[in-house]
Amino acid sequence: MATMITSLVVSHVLEKYKDDSGIGMAYIYCQFARHQEQTPEYLMSSILRQLVGRQSIIQDIVKSLYRSARGNRCPRPEEMSDLLETVISSFTRSIIVVDALDELTSHNGVRDKFVSKLLAICKKFEVKIFMTSRVPIKGASGTRSSTERAICALEDDMRRSIRIKLEDGNLFCGKVDLQEKVTSKILRAANGVYLIAMLYAEHMSLFEEPGELLDALDEIDHTSDPYKTVYEQTMRRITSDNNPKNKRNLALTILCYSFLAKRPLRVDELSHALAIKAGSTSFDKNRILDVSEAITRSCAGLVVLDKTNNTVKMFHKTLYDYLVEYHTKWFPDGEKSFGMTCVGYLSLDDFADGPCPEVDPSSLSSESLDDFADGSCSEVDSSSLSSKSLDDFADGPYLKVDPGRNGEFKTIDRYGVWSKVQAQDKSTLLRKRFVQYPFYEYAAQHWHEHIRGSDSETTDVVLRFLADGKKVSASRQAFDCTTSIETTGIQVAARFSLERSLVHCLQRHRLPLHYVNARDRYGRTILSYAAEMNSMEAVRLLVDAGADPNMESEAREFEGFTPLLYAAHRGHEDTVTVLLDSGADVNSKDRLAQNALAHASHSKSQAVARILLERGCDPDSEDHLQRNTLLLAAKEGCEGIVKLLLQRGAQVNYKNDRGETPLLLAAQGGHVGVAELLLKHGAQVNYKNGSGETPLLLAARCASSEVMALLIAEGAKKTTEVSRAYKKALKQRRTGEAWLSRRLQCLNSEYSSSRSIQA
């Protein structure tokens with residue numbers, strides 16, 4: 001019902017302001033089935049894309065960001081945030097509509113972060129927000145500027161809908177009195193909430209024994225949590241001994257896989273997953289089920305088919321929330337079961353020949369998939385992909401591509417086979433493999449997530465798979481859809497942070513020296529992964545096997561990283577110690593000339609910094625921007641590391657060629673504790689950088705009143721520029737002041753104009 005109202009609001013606003021380019025409009029429909037992708041960044045970028053689409057002329061800042069983000073790089077969150085504010089400020093007024101906010105996941109604060117971003121924009125600019133939610137909206141409810149309205153269904157409408165649903169049940173055929181009794185009880189329990197009424201009606205319609213029905217009715221009369229009650233009753237009915245064992249197991253497996261899947265499973269993916277026989281490496285197509293029929297027959301309405309994208313999903317977000325809390329009660333070994341199914345699928349003999357071969361991209365036909373189904377695999381140069389609009393990065397983590405094949409794969413279906421392409425087209429034979437074995441892509445991309453950190457890592461199924469280089473290499477090709485470079489199980493275990501699998505393999509296989517130090521397709525060694533995942537046992541085994549603790553990574557984002565730098569960057573003090581004991585160079589540097597001590601500052605690990613200093617790491621070493629460790633630690637706000645460095649005689653007033661000092665960077669970041677330490681050790685409070693900026697001015701620009709008070713107490717000189725900067729920063733923070741300032745300026749201008757005319 002709320003979604004219907006939202007759609008009416010959207011339709012009304014779009015129609016009313018269709019010819020007014022001064023009004024910004026954006027809308028979002030939240031769906032719990034898309035909780036993996038609907039992150040705050042994804043949603044804000046979607047709002048940005050819609051607002052840009054309302055403008056007749058694309059602003060230069062948009063074009064500039066688009067040009068800088070072409071290729072594989074997604075704009076950074078702060079870039080998107082700045083751009084969104086710039087675009088919104090260009091409208092006289094903006095309207096943002098968000099439906100079903102409760103369907104955003106609350107995990108890791110996703111929902112709260114998105115709401116806080118929205119409300120911050122609303123306070124800063126002339127933005128009106130319309131939101132619907134089953135749960136109270138944190139930060140919005142009860143504020144002076146907000147208006148709340150309860151959306152309730154009319155009792156007559158609910159009564160009619162309940163009766164229609166009950167008539168589907170065999171127990172209610174021709175029994176008007178029973179229908180009326182059940183309807184009245186459901187209406188009382190639902191208390192105006194249409195969803196609860198429909199849940200109960202669906203649930204009651206499935207009963208076939210009057211006694212069970214009456215017991216269920218009594219239970220809903222005395223519940224404070226109607227959702228939990230109806231789902232508990234349904235799960236008990238599914239797992240009842242009265243339900244045939246095969247039907248019971250099928251329902252639990254479908255529920256388990258649908259709930260635990262990292263993205264919604266397509267019908268054909270689920271059908272192949274259910275057809276896997278434990279311990280067998282052959283695939284029997286006769287075991288493939290009609291998933292649609294199986295769901296209808298066994299799942300009691302808890303799992304449904306989404307016909308818009310042919311996926312399987314939970315009946316409702318409330319079921320997902322229930323299973324988040326109680327899934328271990330109903331399928332305690334669910335992750336292991338799903339993980340073993342994925343590995344079993346990857347281990348099929350059908351993939352024994354390894355990855356699909358490759359050919360020259362120019363030999364590929366530009367016709368449909370069927371026209372070149374007998375061809376060979378290839379990789380397509382990412383530069384050949386089209387980047388037509390802001391949509392390339394506005395929809396978040398999924399990149400849209402246009403290989404130019406009659407539009408067949410023009411965009412990536414986030415639920416479809418092509419969902420994980422980054423910047424390269426998939427090869428022809430690999431596509432064919434995905435079509436023939438629908439579950440292969442999901443299994444290749446997510447098997448490790450289902451088994452990581454559990455005993456499943458060392459099961460025979462997993463270890464046999466990792467020992468088969470051909471099948472492992474094939475799965476890696478399906479994982480990133482790029483090359484057919486040979487990959488080994490040990491490299492895969494290291495890459496996916498499967499520590500138990502890695503240690504088990506290292507203990508049972510003596511590796512040749514050239515293999516121990518080999519780099520994978522990402523330019524990294526096994527030891528670098530072991531150091532990053534903090535596996536001391538794996539590090540020791542690799543070093544004993546001859547691994548070079550000083551071999552540098554060739555990975556793009558971590559170029560020049562040694563295993564020690566990886567461990568320091570993550571703050572793994574024990575692994576740092578093991579590597580240093582094994583001969584790691586304590587003063588090794590990456591391509592930015594940052595040493596391990598600098599990376600300890602990034603991780604804010606005082607323990608790692610202390611170990612490195614004790615082992616002789618140079619605290620005065622400078623990176624490519626002439627920043628030493630004290631500068632970096634001050635910038636990151638690492639109070640403990642700053643204290644360590646100062647105790648060891650670090651230059652408190654050190655400055656690089658840009659005139660940056662530790663106190664300037666601490667003030668700029670609002671790090672009052674660091675600033676206090678620096679001042680106690682003699683930092684120059686009125687020092688100016690090359691741009692004439694003082695610590696007080698930089699603190700004022702970020703509205704850090706604590707740092708400002710500290711600096712003034714230490715003798716910092718107040719200037720009019722500092723006052724202006726502080727006032728400006730406060731305006732941007734305070735509720736509605738940015739919008740009020742613009743409105744006052746407009747009114748003042750209009751008043752001056754009218755006075756001039758009168759004069």
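Of MET204, MET551, how do they rank once you tally other Cβ atoms within 10 Å and put the fewest first? Lowest count first: MET551, MET204. Going from the fewest other Cβ atoms within 10 Å to the most, the residues TRP330, TRP447 appear in the order TRP330, TRP447.
Computed with the Debye formula from one identical point scatterer per Cα of the range 575-714, without solvent, the log10 of I(q)/I(0) at q = 0.15 Å⁻¹ comes to -0.68. Once all Cα-Cα distances of the range 236-367 are split into 5 Å bins that start at 0, what whole-number percent is in each one? Binned Cα distances yield the sequence 2, 9, 17, 20, 18, 12, 8, 5, 3, 3, 1, 0, 0.
By the count of other C-beta atoms within 10 Å, a proxy for reagent exposure, TYR442, TYR522 are ordered fewest to most as TYR522, TYR442. Summing charges over neighbours of SER454, with a neighbour being any other residue whose Cβ is under 14 Å away from its Cβ, gives -3 when K and R count +1 and D and E count -1. For the range 451-538, the relative contact order works out to 26 percent when only alpha carbon pairs closer than 8 Å and six or more residues apart are counted. Relative to one another, the C-alpha centroids of the range 492-514 and the range 277-352 are positioned 30 Å apart.
Computed 3J(HN,Hα) for the range 104-121, one whole-Hz value per residue from the Karplus formula 6.51 cos²θ - 1.76 cosθ + 1.60 where θ = phi - 60°, is 6, 5, 8, 4, 6, x, 4, 5, 5, 5, 5, 5, 5, 5, 4, 5, 5, 5, glycine and proline marked x. Convex hull of alpha carbon positions in the range 155-222: directionally averaged projected area 3.9 nm². Listed values for the range 603-609 are Karplus-derived 3J(HN,Hα) couplings in whole Hz (6.51 cos²θ - 1.76 cosθ + 1.60, θ = phi - 60°), namely 7, 6, 9, 5, 4, 5, 4, and x replaces Gly and Pro.
Read-outs: derived from the displayed coordinates by stated rules, not from any lab. This one's a predicted model, so the numbers in the text were calculated from it and none came from an experiment. No Cβ is skipped: glycine too gets one built from the backbone with ideal geometry, and neighbour counts run over all protein chains shown.
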